[in-house]
1. Please specify each residue of the stretch 150-170 satisfying the condition of being touching a residue at least 40 places away in the same chain (Cβ under 8 Å), hydrophobic (A, V, I, L, M, F, W, C) and out of contact with any Phe, Trp or Tyr (no Cβ under 7 Å at 6 or more places or on another chain).
2. Answer yes or no as to whether Gly190 is of a type in the set (Gly, Ala, Ser) and under 22 Å from the mean Cα position of the chain (by Cα).
3. Would you check which residues across the stretch 170-200 are closer than 15 Å to Asn223 by Cα and in a helix (DSSP H, G or I) and list them?
4. Only one residue in Glu350, Glu337 is surrounded by fewer than 22 Cβ atoms within 10 Å (Cβ to Cβ), within 27 Å of Val110 (Cα to Cα) and among the acidic types (Asp, Glu), so which one is that?
5. Within 27 Å of Met118 (Cβ to Cβ), crowded, with 19+ Cβ neighbours inside 10 Å, at pLDDT 95 or above and under 22 Å from the mean Cα position of the chain (by Cα): is that true of Ala214 in this structure?
6. Looking at Val187, is it under 27 Å from Val110 (Cβ atoms) and touching a strand residue (DSSP E or B) at 6+ places or on another chain (Cβ under 8 Å)?
7. Looking only at the stretch 23-46, which residues are in a helix (DSSP H, G or I), of a type outside the set (S, T, N, Q) and over 17 Å from Gly82 (Cα atoms)?
8. Tally the residues that are in a loop (DSSP other than H, G, I, E, B), small (Gly, Ala, Ser) and out of contact with any Phe, Trp or Tyr (no Cβ under 9 Å at 6 or more places or on another chain), restricting the search to the stretch 316-333.
Amino acid sequence: MTTETTTQPAAPSMDQIMEFAFKVVNELGAAMAAPHVYIGDNLGLWKTLSATGPITVDQLAARTGLQERYLREWTAAMAASGYLDYDAVKRTFELPPAKAAVLADEDSPVFVQGFAQMLPDHYKVIPGIIKAFREGGGVPYTDFTNDTFQGTERFFRPGYVNFFVQQWIPALGLTDLLTKGAKVADVGCGRGQAICTLAKAFPNSQFYGFDNLAVGIDGAKENAKKQGVTANTTFETRASTELPQTGDFDLICTLDALHDMVDPHGAGRAIYGALKPGGTWFIVEPNVSDKLEDNLNPVGRVFYAVSGLQCMPASLAHGGAGYGACMGPAKIRQVAEEAGFKSIEKLPIENPFNQYIAARK
């Protein structure tokens, strides 16, 4: 008779414990600093700092009309987080150009304030998320505020402005078609920035934006009016599974939207029916792997975190698929194949945050 002995793992050293403790403290510090990023955006502080160069707190207070005591705490918090540079001799704070591109420039491809704008809602829905953990279901988008809808718009708009016409449409091989005149839709269009960007670049084409949230469609119509593209844009409140089955669309886009949908498979079938033969479904989704172990990195961290607070619960709230932001390429392919698409290719576009897929009818 043999006896097996199990080796107990060695007790962690105090150095190991403290190393992890400081990591957690650092992460919690970042979570507490994030509202200050939002506050700075809301009060126009980042844009002011990007335009002034080095400035003292008193000067910043005089320039903005805001309270010196609050600005003193805010600038200290942002300097401690590394978002502002601090000169201890002159006691000035500065937002240098590299950081301004991320925090102040709305047109920069790396502008992140839209994401920061979504944070208050994510903190606000925590009680609903805890309830869903216990009882199932989710948190519908009707529980979110304009911070989420406008924040989403501001977060994705720089990508549309900098890459859609210049990179994505050429990669799809559709520049000439849209220049001559095509029929294009964006399903899950939100506040319509992608449609407005395309409509300005391709005035001979007709563009349609569909979203199941009326608040998004109202914002899209306002944006189209402001940007002078009402002549070739149409926006409708319409579910992704209830697209017009006209079979005459040349291009239909789902831009970081498929994973949020209650019924992504039904949406895929509706898109297939709306497209003409040879038409293209352009799918943009987070750049993640099907394997969890490949996503244990900063990008995966962000997507899993926001998915658990917004994307997945919004679908599960209606009994949906709840795929979440990290649905991955295999599930995307499955949705497209089940809809009837035979040609499905990942486009050779390099981007750390998104993957780009063209499914042809």
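The values are calculated or read from the model by the stated rules, or taken from the named source; none is laboratory data. Since this is a predicted model, take the numbers as computed values, not measurements. Reconstructed Cβ throughout: ideal geometry from the backbone, glycine too, with neighbour counts over all protein chains shown.
1. Phe156, Val161, Phe163
2. yes
3. Gln193, Ala194, Ile195, Cys196, Thr197, Leu198, Ala199, Lys200
4. Glu350
5. The answer is no for Ala214.
6. yes
7. Val24, the sole residue that qualifies.
8. So the answer is 4.
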